1. Could you list all residues from segment 141-177 that are assigned to a helix (DSSP H, G or I), within 21 Å of Trp94 (Cα to Cα) and at pLDDT below 80?
2. Yes or no: Glu133 within 22 Å of Arg76 (Cβ to Cβ) and of a type in the set (Asp, Glu)?
3. I need a count of the residues in segment 85-116 that are of a type in the set (Asp, Glu), part of a helix (DSSP H, G or I) and more than 13 Å from Ala158 (Cα to Cα).
4. Can you pull out every residue in segment 72-84 that is under 22 Å from Ile159 (Cα atoms) and touching a helix residue (DSSP H, G or I) at 6+ places or on another chain (Cβ under 6 Å)?
5. Select, from Arg93, Arg112, Arg76, the only residue that is more than 15 Å from the chain's Cα centre (by Cα), in the same structural domain as Thr61 (by TED's automatic domain parsing) and charged (D, E, K, R).
6. Are any residues in segment 178-207 at pLDDT 50 or above and exposed (fewer than 12 other Cβ atoms within 10 Å of the Cβ), and if so, which ones?
7. Identify, from the list Gln72, Gln113, the residue that is farther than 18 Å from Asp160 by Cα and at pLDDT 85 or above.
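The values are calculated or read from the model by the stated rules, or taken from the named source; none is laboratory data. Everything numeric here is computed off the predicted structure, so don't read it as measured data. With ideal geometry, Cβ positions are generated from the backbone for all residues, glycine too; neighbour counts draw on all protein chains shown.
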Amino acid sequence: MIRKDWNNWLQISSTLAVLAGVVLVIAQLRQNAELIELQILKQESESYIQNFAEILPENFTQVWLKAIDDPQSLSRDEIFAVDIYLYARSVARWRAMYDLAERGLLEDSEWRQRVAEDAPSALAYPFGRAWWEGIKEWGATLRGEHIEAPLPDELVDAIDRALAQEPLNGTAEWIDELEKQANIDRAGTSPSEPSVGIAKDSESTEN
């Protein structure tokens, strides 16, 4: 009788071990599938950004500065280039980080911090703000046609909040500050301190 009970327990234990092994295999397969999906998503995002970046003209820095300082003078080709840059280099990156956070691979605070840091320099000027409003209208149109919007509401709200905290042309002010700092670094002095040459000139004038 005891031997029979032991055999029953052994059979039950063996069955449980097999079931546990099956569960582990299924979990491993599911994890592998998720990793493959994430890898595909990452490659697709990088390829999307890279393909658009290759379209940008060689002098794009000048085009972007024109969009900030004098958007009325932009040609159609230049407007197209700025549109590519803003979506591929900014919005598409934020969306990719948001998607990773949704899958549990990033903290929610990480994509929010990236938006808070990058949106002011990327969009806080009249042309950038108008472009962003156009993107939101496009999303609203897609929703009206029962098509998934390109950007989730949570991401849109985060971008709006980041821009609301900036001056109308905050990007231009940021660039001016960078230029001022670059001039200070080249001169090796602060604006409040006269250079050695100026000090000597004033001394000789007094004499």
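1. Leu142, Arg143, listed by residue number.
2. On the way: within 22 Å of Arg76 (Cβ to Cβ): yes; of a type in the set (Asp, Glu): yes.
Yes, satisfied.
3. In the first step, residues of segment 85-116 are kept if they are of a type in the set (Asp, Glu); the result is 99, 102, 107-108, 110.
With the extra rule that they be part of a helix (DSSP H, G or I), the set shrinks to 99, 102, 108, 110.
Checking the rest, the ones that are also more than 13 Å from Ala158 (Cα to Cα) come to 99, 102.
Total satisfying the criteria: 2.
4. Within segment 72-84, Ala81, Val82, Ile84 meet the criteria.
5. On the way: Arg93 fails: more than 15 Å from the chain's Cα centre (by Cα); Arg112 fails: more than 15 Å from the chain's Cα centre (by Cα).
Result: Arg76 is the single residue among Arg93, Arg112, Arg76 that is more than 15 Å from the chain's Cα centre (by Cα), in the same structural domain as Thr61 (by TED's automatic domain parsing) and charged (D, E, K, R).
6. The first filter runs over segment 178-207 and keeps only residues at pLDDT 50 or above, leaving 178-189.
Leu178, Glu179, Lys180, Gln181, Ala182, Asn183, Asp185, Arg186, Ala187, Gly188 - these are the residues of segment 178-207 that are at pLDDT 50 or above and exposed (fewer than 12 other Cβ atoms within 10 Å of the Cβ).
7. It is Gln72.
Every residue, every condition in (1) surrounded by fewer than 16 Cβ atoms within 10 Å (Cβ to Cβ); (2) over 24 Å from Thr61 (Cα atoms), yes or no:
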{"residue": "Asp77", "(1), (2)": "yes, no"}
{"residue": "Ala88", "(1), (2)": "no, no"}
{"residue": "Arg103", "(1), (2)": "yes, yes"}
{"residue": "Gly128", "(1), (2)": "no, no"}
{"residue": "Trp131", "(1), (2)": "no, no"}
